[in-house]
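A short write-up of the structure that comes next.
The values are calculated or read from the model by the stated rules, or taken from the named source; none is laboratory data. Note that the structure is predicted; figures quoted are calculated from it, not measured. As a convention, Cβ positions derive from the backbone with ideal geometry for all residues, glycine included, and neighbour counts pool all protein chains shown. When the accessible area is computed, the model is the full protein with side chains, heavy atoms only, and any ligands, DNA or RNA have been set aside. Shrake-Rupley method; radii C 1.70, N 1.55, O 1.52, S 1.80 Å.
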Amino acid sequence: MGASTAADRPVIVQNDHTILLETGGPVYEEARDALVPFAELVKAPEYVHTYRLTSLSLWNAASAGHTADEVLAALERLSRFPVPANVIDAIKTHMARYGKLRLTRAGDGALLLSAHESEPLALDEAWAHAPVQTFVAERRPGALVIREDARGRLKQELTTLGWPVEDLAGYQEGARLEVALREVTQDGAPFRPRDYQRKAVEAFYKGGQSGGGSGVVVLPCGAGKTIVGLAALATVGQQTLIVCTSDMAVRQWERELIDKTTLAPLDVCELTGKRKELGPVTLTTYQLLTHRKSKQVEAYPAMDLVRAHPWGLIVYDEVHLLPAPVFRMACEVQAVRRLGLTATLVREDGRASDVFSLIGPKRYDVPWKVLEQKGWIAQAACTEVRVPMSDALRRDYALAPQREKFRVAAASAAKLDVLFALLARHRAEPTLVIGTYLEQLEAVAQLTGAPQITGKTPAKERERLCALFRAGQLNLLLLSSVGNYSLDLPEASVLIQVSGLFGSRQEEAQRLGRVLRPKEDGRAAAFYTLVTEGTTETDFAMNRQRFLTEQGYRYAIVDAAAVLEGGA
Amino acid sequence: MSPRRTPTPAPEDLADPARARLPWFDAIWERLPTSARLVFLWAVSEDANPVDDPAGEALLIVHGLLVRRRGRGLEVGPDALGFADRIGRLDEAPVLERGTDDDLAVTAACVVRGSSLFELALRGLPGASASSGEGLAALARRPEWLERLRPLLGRLPGVTRALDVLARAGGLMPLPRFCEEVGAAAYPALDVLVTHLAVFEGLDEDLGLMVGLLPEHRRALASGEVAGRAPKPPRATRSKSAAEQPAPPPALATVPRPTEIEATGAPLLLDDLEALLHALAETKVRTSQRGELYVDDEAQVHAALGARPSRVGPIELRAGLALELAAGLGLVREVDPGGARGPRLLRPASDAGEFLDRPLRDRWRTVVEHLLAEERHDWLGGVLDALAARMGGWPVTRERTALAAAPLLALEPGRWVELRALLASHAGEQNPLYQLFVARQKERGVDLADWRPLLTTQLRYTIDEPDLRDPLAALDRAYARAFVGLLARLALVGGVELGDLPSPRAALAITPVGRHYLGLERRFPAIDLADDPPGKVVVQPNLEVLVLGRAPAARLRLAALATPRPGESGPARTFVLSRDRVIDLVAAGQRPDEVLHALVEAARGAEVPLNVARTVQDWARAVRRARVAYVPVLLTDDEETALTIRSLAGKDVLLSGHAVPVNPAKLSAFKRALRAKGVVLDEDEPPASGRRRGRR
């Protein structure tokens, strides 16, 4: 290690189990690589990144074969100050607990929960926990026979109890599928997954060992999560269900599957509103899976349908959007390998930990700025433009009821002048304008003549407009919130958001992701947010930006006057 | 008192061997004429009638017993204060004048001789609530007392001989003769015997110093009730075979330095003081009108101090010390955020940051010197005494510290010894009461092998329920607790290192700071510890400000600007810039540019990202002010009258576009809601009510 004195070491371990990593020094990269196996990256603003030691992160490390001594040695080598005694104790205690309870298969195929010989009382403690008893089909000497359908819930319960189960019972083998990644796409372009995409799949699959095969891969928008999904599919080589956020996303996956894998079009089936068929690779949506005739009916017909199919892998796209009923399904299909893909893992409903419990732990995570430095995603300049209120709007805003104030501010007509100034500045660049309020978008459409994609736009029309944009025949496209996800518009390099959904960090990140695909000419992306000054919109904007600032992005705040004068 | 005149002593008296053995002021006293002694007693007492003896005054001034202060007359000389106290109290308890059988007077005289430990021991004895003297009398009347003491005290140098000399003299003799006959060990033996309530001192008719056996012991020795009594030689001095002699005290072994040691780096009290000041800056710690912390807030302070694992406790003691220390050093101030009606807040004073930024040795010395200076009068303003009393702790005075410190005085700094061995050795050489303590530790649930319970729960090891049949036991408890209390205090100021040896065995080593604290070294020692590397402040674009490492002044400044991340502890501190804090600053009178300047200052040269600077400025600029004014409102029964009033009032109608009437009953809630929106209310004094005016 290059750090010669304690003061040069980049890591600070706190008593509350957070770890601060100072960036910029010569040892930063080494320290980051050392922390990743056993600590969760919480945020990565520009100068100091925050990691956290949790029981889950330590159990993950233990499951990957790391020992407590290795973890402590790394921390002591990198820490500027002595590692607190309580942290040392926690690392030793947590890591010692992993694997003390194991799920295995008996000779007769029964699912057995047993204790490691070094901790025989762990099984008694598990049995003493009342909810665990409901999962047990039979007691055998030194083991409990667990009901097949309770495998997920058992693991959840025991994790809560502090006894993470080492699941060595394996996965059910799905129907075989002959599939590989192409070396040349159907478009004739050479294709090979990027280094980090291959690493993500390796971290997920773990060579087919029972310790792998489930988990979440977190990559920035524009970093090619779909490619990770395709590579995982090719690695597992079994029939696969891919759950997407929308029909548009289904189309995009379908296009990528056919373009970049050896699958024939007939191998890719669709369980959507339009087509209902199951096949070797089936694309569906969360909306369809959770559809039922009425809220009084408990059954989800589509879910029952897919549950019965011999999948070898289920891919949950944008896993941070997973709705509650799908969580339940994920809980029940623990015998199937499952991969979650996301850019943010931020759930505004606070259920991020459910993703960890039911899909699996985070297996791979690369900070946005790391990919930006390596050129895998475009650099982006984020700018918040503060637009003043007119006297009339100021009065309207002051008199509006509390819950209407945001809308009054966000839909301010004064933003249009600034928007036009920005459009003029980026006249030659493929530009997206995105907004939450349809009447605001409509006003922009009327004044610019640009087409819009909203929830009401038919799928075919959406496809047509996206294709025109991709082909460079359309330079300006207006999007409502449907544009937050899965619109494949890789050429867009400027995005102007005229309004957003209150303080949604997830939406902000997704919207930035629309312009992060690296540009062929290497130019940086521009991301503008128009905010009405002196209103609650500025507060919400600050909250929206939190996730991205924690990923290392900086926001410049400029006044509308500067934009209008061409200065900013 | 009826003094008898004696001639002024000649210089050749100094050759008198009896007097030559006396300490300085005792020797001078013996040479003084009675008249001069009377002048001295007048100066010591608060007697308004001066004794007219210019020659006596001159003698006293020459010998340093008195000094003449301009405008204030005669005062006791600074070096003679202890002697004056002793003579004054002997004069107040004229034992010999009232007859040696006056138990109460005799025992009261014993209290004179630095027997404060007895006061403590006697809290649990009959009569203790009335006065210490009565309690002592009760103890001294027990005929078995001396018998119990003899085997213990007999091992100490000079004690047996002193008892023998006194017994042969009939139980009472002048101090100079006693010293002559006992020899070099006379004073140490006298100290032990007086402290252990076997012997008293007194003044004869000429105010000469006398020494005598307590009446009960004298009678017991004379009547032969006690084995080994006078006139036979005391048991300990009779010829014995070597096998019958008490075993020599065990040699005190040096042990290896333990691997786990308390009090490396800065002493706990310095850390506590720093943690306290940060807690006061980062949380709201309220004090009542009586200056007491609110219970919830006290818990916050305890939590802030408790973050550092320590062998020393309890936390109430540490928090109390840190608070008193902060107040004593002028590092805290009370602010009044809500007017006279609300609680006051305890905040770091403006000098607190500067103090915390000083080098370690400087801070350490300041704290120790402050404590030593305070201790001479009333250590920490009596708070420690109050706390100690509440917890069954041990009141600290310099005098008691000296008694309790005895086992430590001979230890060289840095020499590690086992606690149990230290006490056993000290018991054999100096204070036999520790023998009882060491021997009885288990039956009393005390573990001398383990610091943590000893210095936390067992610090409360009290004499609440003494065995009244065995007062000696009460005394050994008092000694032990005094010693343990002193160790805890020394550990807090870095005066002693506490460590754990395997088995386990508690071990300790006195430090140079400890020797200074105990008065064994005059100068505060050089500290062989590097200061912590300077900390660093980082302002992040996500509005977080991090203090990495130790940068206390910056941290205190940031606490005024930003909200600390709750639950965080460790070498780094995270603050989040928040609108609420900025509104507070503007409400307190700061301008937007001053708020930003304060952030830049606190950042100590670190870059403040542009979006952060802009956001902070915008928050500050967005603050609006409104004023609560009290105006008369005319209420009518019908609209027409209201219109009439309005037409007459014209421009005098105040409820124009810039005035909003609000329900006074909901004003407080409204204020809070407005503040959240960045509107700060200034409030006029409400007008006096009509009824009150009527009374005037």
Subject >> Between 0 and 90°, nearest 10: helix A:195-205 axis offset from chain A longest Cα axis >> reply: 40 degrees
Subject >> Computed [θ] at 222 nm, deg cm²/dmol, chain A (DSSP H ≥ 4; -39,500 (n - 2.57); rounded to nearest 500) >> reply: -11000 deg cm²/dmol
Subject >> Listed residue (A:Ala509, A:Leu489, A:Ala413) projecting farthest to the positive dipole end of region A:395-520, Cβ model >> reply: A:Ala509
Original post:
Straight-line reach from B:Lys671: which lysines have Cα under 27 Å away, leaving out those fewer than 8 places along the same chain?
Top reply: A:Lys405, B:Lys284
Original post:
Under a plain spin-label model, where a point goes 7 Å from the Cα along Cα-to-Cβ, how far apart in nm are B:Asp450 and B:Val662?
Top reply: 5.8 nm
Original post:
Percent of accessible area on chain A owned by carbon and sulfur, 1.4 Å probe?
Top reply: 52 percent
Original post:
Roughly how many nanometres apart are two label points built 7 Å out from the Cα toward the Cβ at B:Asp206 and A:Leu438?
Top reply: 12.0 nm
Original post:
Within region A:6-97, what percent of beta bridges assigned by DSSP are antiparallel, to the nearest 5?
Top reply: 90 percent
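State to the nearest 20 debye the size of the charge dipole of region A:6-97 about its Cα centre, where the only charges are +1 on K and R beta carbons and -1 on D and E beta carbons.
My answer is approximately 220 debye.
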Original post:
Shape call for region A:101-167 from the C-alpha gyration tensor, a ≥ b ≥ c root eigenvalues: rounded (a/c under 1.5), prolate (a/b greater than b/c) or oblate?
Top reply: rounded
Original post:
If ligands, DNA and RNA are left out, what is the accessible area of B:Lys536 with a 1.4 Å probe, given in Å² to the nearest 10?
Top reply: 90 Å²
Subject >> Lys/Arg +1, Asp/Glu -1 at C-beta; region A:195-366 dipole; positive extreme among A:Gln238, A:His309, A:Val366 >> reply: A:His309
Subject >> Neighbour-limited loop hits for trypsin sites (Lys or Arg not before Pro), region A:383-462 (at most 12 other Cβ within 10 Å; DSSP other than H, G, I, E, B) >> reply: A:Arg427, A:Lys456
Original post:
Quick one: how many Å² of A:Glu22 are accessible to a 1.4 Å probe, rounded to 10?
Top reply: 20 Å²
Original post:
Ignoring ligands, DNA and RNA, what accessible area per residue does region A:372-564 give at 1.4 Å, in Å²?
Top reply: 40 Å²
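Ignoring ligands, DNA and RNA and using a 1.4 Å probe, state the total buried accessible area between B and A in Å², rounded to the nearest 100.
2400 Å²
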Original post:
Once you put a point 7 Å from the Cα of B:Tyr294 and another 7 Å from the Cα of B:Asp336, both along the Cβ direction, what distance in nm separates them?
Top reply: 1.8 nm
**OP:** Note the angle between two axes, namely the Cα long axis of helix A:247-260 and the longest principal axis of the Cα atoms of chain A, as a number of degrees from 0 to 90, rounded to the nearest 10.
**Re:** 70 degrees
Subject >> region B:547-620: relative contact order in percent, alpha carbon pairs under 8 Å with at least 6 residues between >> reply: 31 percent
Subject >> Length-normalised contact order of chain A in % [C-alpha pairs under 8 Å, at least 6 apart] >> reply: 13 percent
**OP:** Could you do me a favour and compute the accessible area per residue for region A:195-366, 1.4 Å probe, result in Å²?
**Re:** 34 Å²
